[in-house]
Amino acid sequence: MSTVWKKAFALLALVAIVATLAACAAPTPAAPVVQTKVVEQTKVVEKVVEKPVEKVVTATPAPKPGADAFIFGAQGEPVCLDPAIITDGISSRVTRQIFEGLVKFDKDTFNVVPQLAEKWDVSADGKTWTFTLRKGAKFHDGTEFNADAVLKNFDYWRNTKNPLHAAQEKAGQTFEYFKNQFWGFDDASIFAKIEAVDASTVRFTLKEPQGPFLNNLAMFMFVFWSPTALEKAGTNSCKQPVGTGAYKFVEWKANEQVTLEAFADYWDKPNVAKMKRVIIRNIPNNSARLLALATGEVHAMEGLEPRDVDAVKNDKRLKLLLRPANTTGYVAFNYKVKEFQDLKVRQAFAMAINKKPIIDKLYGGTGQVAWQFQPPAMWGYNKDLKDVTFDTAAAKKLLADAGFPNGISKVTFDGKEVPLDFWYMPVSRPYYPNPKDIGTAIAADWAKAGINVSLQTVDWSTYLDKRKKGELPLYMLGWTGDNGDPDNFVCYFFCLDAKDSPKPEEGFFADKEISDVLKKAAATVKQEDRAKLYQQAEKMIYDKTIRVFMGNNQPPLAFLAGVDGYIVNPTGSEYFNTVVVK
């Protein structure tokens with residue numbers, strides 16, 4: 001049990017609680033901080049730059065008894081609240097409450113059910129999909145949801161000549177999900193035609209069948225803006241979200257919280273929001289977030305320290321829910337690093353990590369070792385693959401054979417010799433519950449094999465931006481599956497565009513052989529045939545050590561005992577309208 005946990009539950013009186021909260025509310029240093037720590041035994045150098053990562057924000061007072069609000073403790077700040085241009089779970093947790101799509105995932109499953117579409121039909125050849133829309137649904141600005149709104153949103157995502165799309169790209173935003181799930185923009189996309197049959201009917205004609213098409217539409221980014229509001233917001237869409245969801249946006253206080261309120265004209269009357277308000281608090285420090293829960297400052301949280309999972313599970317004042325395993329954490333190579341273009345070097349990095357002790361110690365009993373991208377429950381998982389054997393001596397030999405008999409501490413990145421930096425995430429995520437500790441453990445294992453790295457991080461938004469631009473030479477990241485289909489795990493990352501261009505956002509990955517197998521799988525309809533292709537692709541990724549896969553996890557979420565109605569979904573697509581705080 002952690003010290004913070006013992007302290008929290010040693011509180012016996014309100015005065016002590018207030019004192020504890022006051023202590024946690026120390027002001028965050030305004031100036032950037034540079035911290036340096038040298039671990040002599042392993043020669044791991046850690047440099048944390050930019051703003052302090054583990055800041056604690058407690059500006060919001062604890063909820064008063066009976067207050068009609070659900071307060072969720074989040075691991076960090078949203079990046080943006082325009083679903084079309086985000087990729088992270090922290091942002092999508094907020095946008096899920098505000099926006100809706102044609103379909104959604106049902107409760108705690110991957111099953112697709114109607115949302116803003118009442119029903120749909122698909123042609124025998126799998127190319128034509130016709131959706132009948134709900135009548136009477138309204139956007140938060142009072143405008144009507146209809147076929148025209150669907151078409152305008154798809155044009156915003158798909159059409160690079162659309163003024164809104166073009167302006168976003170000019171401002172540095174990208175529509176990464178649309179590009180990956182629907183194979184590109186404009187004429188390169190899978191859509192031959194998108195048309196309004198009438199005001200309540202939309203028809204999609206595909207160039208070829210797409211196995212995961214319906215599951216793709218249920219993903220968090222393919223949801224609908226009020227066209228009027230989107231036009232008004234322009235490139236400020238990240239801060240002015242307007243959808244049809246059970247909750248509408250009120251305000252976003254930077255580095256503090258996002259506030260939502262129940263939408264009075266929500267179309268789904270049996271499922272209107274149970275609480276009048278939702279507050280999503282930004283508390284990046286895991287222990288501070290747990291303390292906020294223990295003292296009633298928040299009602300729920302994600303991102304427990306692994307050591308605190310059992311403590312929460314065994315305390316009657318709290319409850320613990322585990323999200324089904326649908327996550328994979330990985331270490332990614334940037335292929336603009338000359339040394340990483342050598343298979344022996346990549347194999348040495350993989351072989352030098354002793355994964356099991358890291359997972360056992362740092363995942364709180366909710367994780368398991370991974371050696372391929374898909375979690376074991378996915379139907380494209382390759383059961384014939386086995387993890388590479390941990391072997392420090394063999395890793396050293398591989399490095400020597402690759403021309404590094406004395407190990408490696410510098411690399412040639414985009415033609416320039418630079419120190420070997422290893423980037424870890426500044427926020428806990430489902431696939432990495434404590435990325436700093438995990439990154440440090442990985443670096444310590446590498447050091448024993450002569451791989452000496454400098455640990456680096458920045459704030460979450462900048463981290464994702466650097467990854468998107470291909471600026472991280474070696475980094476930690478991961479994935480929570482969005483739609484229950486292997487396509488979203490493997491093709492999302494490793495399918496190339498029509499020109500087979502390297503992908504900056506994936507470290508300039510460009511393997512046409514792997515991409516072609518995955519594209520074939522996406523265009524195949526029968527699941528049994530698709531499964532074989534995904535298994536083939538996983539073996540190719542494994543044989544080429546494209547990435548080092550670390551672990552799968554069942555992310556724990558903690559709640560006060562009086563919180564009911566929260567439904568965990570393996571995709572993380574969780575709606576707050578069902579939640580009641582007693």
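The values are calculated or read from the model by the stated rules, or taken from the named source; none is laboratory data. Keep in mind the model is a prediction, meaning the values are calculated, not measured. Note that each Cβ is placed from the backbone with ideal geometry, even for glycine, and that neighbours are counted across all protein chains shown.
Of note:
- Filtered residues of the stretch 320-329 (kept if part of a strand (DSSP E or B) and surrounded by fewer than 22 Cβ atoms within 10 Å (Cβ to Cβ)): Leu320, Leu321, Leu322
- Residues (of a type in the set (D, E, K, R) and within 22 Å of Arg317 (Cβ to Cβ)) located in the stretch 518-576: Asp564
- Among the residues examined, Val278 qualifies as assigned to a strand (DSSP E or B) and either crowded, with 20+ Cβ neighbours inside 10 Å or touching a Lys or Arg at 6+ places or on another chain (Cβ under 7 Å) (or both).
- The single condition among (1) in contact with a strand residue (DSSP E or B) (Cβ under 9 Å, 6 or more places away or on another chain); (2) touching a residue at least 40 places away in the same chain (Cβ under 8 Å); (3) not β-branched (Val, Ile, Thr) that Asp487 does not satisfy is (1).
- Condition met for Arg281 (at pLDDT 95 or above, out of contact with any Leu (no Cβ under 7 Å at 6 or more places or on another chain) and closer than 30 Å to Ile71 by Cα): yes
- Among the residues of the stretch 132-154, those identified as touching a helix residue (DSSP H, G or I) at 6+ places or on another chain (Cβ under 8 Å) and either at pLDDT below 95 or surrounded by 15 or more Cβ atoms within 10 Å (Cβ to Cβ) (or both) are Leu133, Phe139, His140, Thr143, Ala149, Lys152, Asn153.
- Verdict on Ala348 being more than 20 Å from Arg429 (Cβ to Cβ) and out of contact with any Cys (no Cβ under 9 Å at 6 or more places or on another chain): yes
- Between Arg307, Arg317, the distinction of being farther than 20 Å from Gln554 by Cα and surrounded by fewer than 23 Cβ atoms within 10 Å (Cβ to Cβ) belongs to Arg317 only.
- For the criterion of being crowded, with 22+ Cβ neighbours inside 10 Å and at pLDDT 95 or above, Arg289 passes.
- Total residues in the stretch 195-233 satisfying the condition of being assigned to a loop (DSSP other than H, G, I, E, B) and farther than 20 Å from Thr143 by Cα: the figure is 10.
- If the condition is being among the charged types (D, E, K, R) and more than 25 Å from Arg307 (Cβ to Cβ), then the stretch 414-447 contributes Asp414, Lys416, Glu417, Asp421.
- Test: Leu385 is more than 19 Å from Gly439 (Cα to Cα), touching a Phe, Trp or Tyr at 6+ places or on another chain (Cβ under 6 Å) and either of a type outside the set (Asp, Glu) or in the same structural domain as Asn569 (by TED's automatic domain parsing) (or both): yes
- Here Val122 meets each of (1) buried (at least 23 other Cβ atoms within 10 Å of the Cβ); (2) over 14 Å from the mean Cα position of the chain (by Cα) with one exception, condition (1).
- Residue match in the stretch 526-543 (condition: surrounded by 22 or more Cβ atoms within 10 Å (Cβ to Cβ) and over 24 Å from Asn215 (Cβ atoms)): no
- Complete set of residues in the stretch 118-141 that are over 23 Å from Lys526 (Cβ atoms) and in contact (Cβ under 8 Å) with a residue 60 or more places away in the chain: Phe131, Thr132, Leu133, Arg134, Lys135, Gly136, Ala137, Lys138, Phe139, His140, Asp141
The rows are residues; the columns are (1) more than 17 Å from Asn483 (Cα to Cα); (2) among the aliphatic types (A, V, I, L, M).
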site: Gln536; (1), (2): yes, no
site: Met540; (1), (2): yes, yes
site: Val548; (1), (2): yes, yes
site: Gly551; (1), (2): yes, no
site: Ala561; (1), (2): yes, yes
site: Ser573; (1), (2): no, no
site: Thr578; (1), (2): yes, no
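- Test set (1) in a loop (DSSP other than H, G, I, E, B); (2) of a type in the set (Asp, Glu); (3) more than 22 Å from Ala325 (Cα to Cα) - Asp465 fails condition number: (1)
- Test: Asp487 is at pLDDT 95 or above, surrounded by fewer than 17 Cβ atoms within 10 Å (Cβ to Cβ) and either touching an Asp or Glu at 6+ places or on another chain (Cβ under 6 Å) or not assigned by TED's automatic domain parsing to the domain that holds Asp265 (or both): no
- Every residue from the stretch 539-551 that is over 12 Å from Pro433 (Cβ atoms) and either in contact with a helix residue (DSSP H, G or I) (Cβ under 8 Å, 6 or more places away or on another chain) or in contact (Cβ under 8 Å) with a residue 60 or more places away in the chain (or both): Lys539, Met540, Ile541, Tyr542, Lys544, Thr545, Ile546, Arg547, Val548, Phe549
- Residue check, Ala377 more than 25 Å from Asp421 (Cβ to Cβ) and surrounded by fewer than 22 Cβ atoms within 10 Å (Cβ to Cβ): yes
- From the list Thr412, Thr440, Thr462, the lone residue that is modelled with pLDDT of 95 or more, of a type in the set (Ser, Thr, Tyr), touching a helix residue (DSSP H, G or I) at 6+ places or on another chain (Cβ under 7 Å) and outside the structural domain of Thr174 (by TED's automatic domain parsing) is Thr412.
- The set of residues in the stretch 359-389 that are without any contact (Cβ under 8 Å) to a residue 40 or more places away in the chain and of a type in the set (Phe, Trp, Tyr) is empty.
- For the residues Lys64, Lys55, Lys43, the requirement of being of a type in the set (D, E, K, R), under 25 Å from the mean Cα position of the chain (by Cα), over 30 Å from Thr130 (Cβ atoms) and at pLDDT below 95 singles out Lys55.
- Taken residue by residue, the stretch 489-499 has no member that is farther than 30 Å from Asp106 by Cα and aromatic (Phe, Trp, Tyr).
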